[in-house]
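Take a look at the structure below.
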Amino acid sequence: MKNITVAGGGVLGSQIAFQTAFCGFNVKIWLRSEESIGRTKPKLDRLYNIYKHTLNEAKKSLGSGVSLPRGLAPDSGSLTESDIDKLLEATEKAYKEIVLTTSFEEACKDTDLIIESMAENPEAKTIFYKALDPYLEEKTIVATNSSSMIPSQFRDCLSRPEKYLAIHFANNIWISNTAEIMGHDGTDRDAYEAVAKFASDIKMIPLRLTKEQPGYILNSMLIPFLNAGQMLLAKEVADPATIDLTWRMGTGSPYGPFQILDIIGLNTALNVVSNDPLSKDPNTVQGKIKAILEKYISEGKTGINAGEGFYKYNK
C-alpha cells in the first residue's frame with residue numbers, strides 16, 4: 001500500500017491521516033464541504049504541534065534517556081539525535097503534504113485503502129458508501145473506523161464487499177497505538193491481512209478479531225464504563241470532576257470517564273447514545289444523557305479539540 005484516503009476529518013480521522021502521512025504514505029482526506037475542510041485544518045495544526053513538541057523535548061533529553069510514545073518510535077531507547085531529526089522531518093513532510101478534498105473522484109484515484117471515519121450514524125454511513133462505490137477502483141480496499149458498528153451492516157452498499165472490513169483505532173493514536181482488525185464473514189483474507197500489515201506499517205499493533213463484535217474489543221469494555229459515568233451524572237449522583245476523581249483515585253487510572261469523553265469528542269458520544277431507542281424518551285437515563293450532551297455541544301463545548309468540553313483546555 002502506498003496511497004491512503006481517510007474519509008472524515010474529525011477527532012480520529014485527522015489523527016489517522018496525520019499518523020499515516022508521518023509514516024511515509026501519500027494521504028488524502030475526503031471531506032463533505034469547504035466548511036468541513038475549515039474544521040479539519042485546526043485539528044491537523046494541533047497534531048503537527050504535538051508531534052513536533054514531543055520530538056523536540058525528546059531531543060533535549062537524549063543524554064538522560066528518551067521515552068517517546070510508541071506510535072512515534074516503538075524503540076525510543078536506542079534513538080540518536082539523527083533519528084529524531086528524521087522523525088521531525090517526517091512530521092514536517094506529513095503536515096505539508098496531506099491533501100484535503102471534497103471530490104470523490106480525487107479521493108479514490110489510485111487509492112489502495114480508504115478508511116471511513118465518519119460520524120457514528122448508520123444512515124449517513126450508508127449514504128456515504130453508496131455515493132463512494134461508483135468511484136472505487138478494483139484494487140481499493142475500504143475499511144470502516146466505526147467505534148460501535150460492524151462491517152456486515154454496510155457491506156451490501158459496496159460492489160466488492162469482499163474488500164470491505166473494519167480497522168478501529170484508539171484515541172491519541174500516536175500514544176495508544178492499537179488497530180483492531182475485524183472482517184465480516186465474506187471478507188477476503190488477503191484484504192484482511194493487507195490491512196493488518198498497513199496497521200503495522202504505521203506503527204500500530206494490529207489486534208486480529210476472529211468474528212464480528214459491535215464495539216470490537218476496546219469499546220465493548222470502554223462504552224459500558226463511559227455509560228456508567230454518564231449515568232451517575234444524569235441521575236445527579238455527582239458532578240463530572242467528582243466522578244472522574246473517584247475513578248482515578250480508586251483504580252490508579254490516569255483518566256476518568258468525562259476526561260475520556262472530552263478526548264473522544266462529545267459529538268461522537270452523542271451519536272452513540274442517539275443510536276439507543278431509549279434516548280428518545282427524555283425521562284430515561286439515556287434521554288437525560290442525550291440532553292446533557294446536546295447542551296454542551298450547543299455551547300460549543302465539544303471536547304479537547306474545541307478547548308472545552310466537560311473541562312477547559314489550553315488550545
- Once amide hydrogens are built 1.01 Å from N within the peptide plane, the residues lying 5 or more places from GLY303 or on another chain with amide H under 5 Å from its amide H are LEU266, GLU308, GLY309
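Where both residues lie in the chain, what percent of DSSP beta bridges are antiparallel, nearest 5?
Working: 7 of 30 bridges.
So the antiparallel bridges amount to about 25 percent of the total.
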- Message: Taking 8 Å as the Cα distance limit and 6 or more residues as the minimum spacing, I'd like the relative contact order of region 140-281 as a percentage.
- Response: 18 percent
- List every residue whose amide H lies under 5 Å from the amide H of ALA179, counting only residues 5 or more places away in sequence or on a different chain, with H placed 1.01 Å from N in the peptide plane. ILE205, LEU207
- Length-normalised contact order of region 221-306 in % [C-alpha pairs under 8 Å, at least 6 apart]: 28 percent
- Note on the structure: Per its Cα gyration tensor (rounded if a/c is under 1.5, else prolate when a/b beats b/c, else oblate), region 143-250 is best filed as prolate
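Using only the Cα atoms of region 1-145, build the gyration tensor, take square roots of its eigenvalues as a ≥ b ≥ c, and label the shape rounded, prolate or oblate: rounded if a/c is under 1.5, else prolate if a/b is larger than b/c, else oblate. List each step's numbers first, then the result.
Values: a/c = 2.57, a/b = 2.16, b/c = 1.19.
In terms of gyration-tensor shape, prolate.
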- Message: Please compute the modelled spin-label separation between ASN283 and THR210, points set 7 Å along Cα→Cβ, answer in nm with one decimal.
- Response: 4.7 nm
- Amide hydrogen neighbours beyond the local backbone of ALA166, cut-off 5 Å, H modeled: THR144, MET182, GLY183
- Using the alpha carbon gyration tensor of the chain, what are the three equivalent-ellipsoid semi-axes (square root of 5 times each eigenvalue), largest first, in whole Å? 29, 27, 18
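Please label the shape of region 7-83 as rounded, prolate or oblate, based on the square roots a ≥ b ≥ c of the eigenvalues of the alpha-carbon gyration tensor (a/c under 1.5 means rounded; beyond that, a/b larger than b/c means prolate, else oblate).
Prolate.
To the nearest 0.05, what FRET efficiency results for GLU35 and LYS235 with a Förster distance of 51 Å applied to their C-beta separation?
Numbers: r = 37 Å, r/R0 = 0.73.
In this case the efficiency is close to 0.85.
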- Message: Helix-only mean residue ellipticity at 222 nm, the chain, DSSP H runs n ≥ 4 weighted -39,500 (n - 2.57), per residue, nearest 500. What is it?
- Response: -14500 deg cm²/dmol
- For region 8-13, in order, what is each residue's ³J(HN,Hα) by Karplus, 6.51 cos²θ - 1.76 cosθ + 1.60 with θ = phi - 60°, in whole Hz (x at glycine and Pro)? x, x, x, 4, 7, x
- Item | From phi via Karplus (6.51, -1.76, 1.60), per-residue ³J(HN,Hα) for region 287-294 in Hz, x at Gly/Pro | x, 5, 4, 4, 5, 4, 5, 4
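Quick one: compute the contact order of the chain, relative version, from alpha carbon pairs under 8 angstrom and 6+ residues apart, as a percent. Could the numbers behind the result be given before it?
Numbers: 529 pairs, mean separation 46.3, N = 315.
Answer for the chain is 15 percent.
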- Message: Please list, in order along region 261-272, the HN-Hα scalar couplings obtained from phi with the Karplus expression 6.51 cos²θ - 1.76 cosθ + 1.60 (θ = phi - 60°), rounded to whole Hz, x for Gly and Pro.
- Response: 4, 5, 5, 5, x, 6, 5, 5, 4, 5, 4, 5
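Based on other C-beta atoms within 10 Å, arrange TYR255, TYR51, TYR129 from fewest to most.
Values: TYR255 13, TYR51 24, TYR129 21.
Going from sparsest to densest Cβ surroundings: TYR255, TYR129, TYR51.
We did not get these values from a lab; they are worked out from the coordinates using the rules stated. Values in this document were obtained by computation on a predicted structure and should not be read as measured data. No Cβ is skipped: glycine too gets one built from the backbone with ideal geometry, and neighbour counts run over all protein chains shown.
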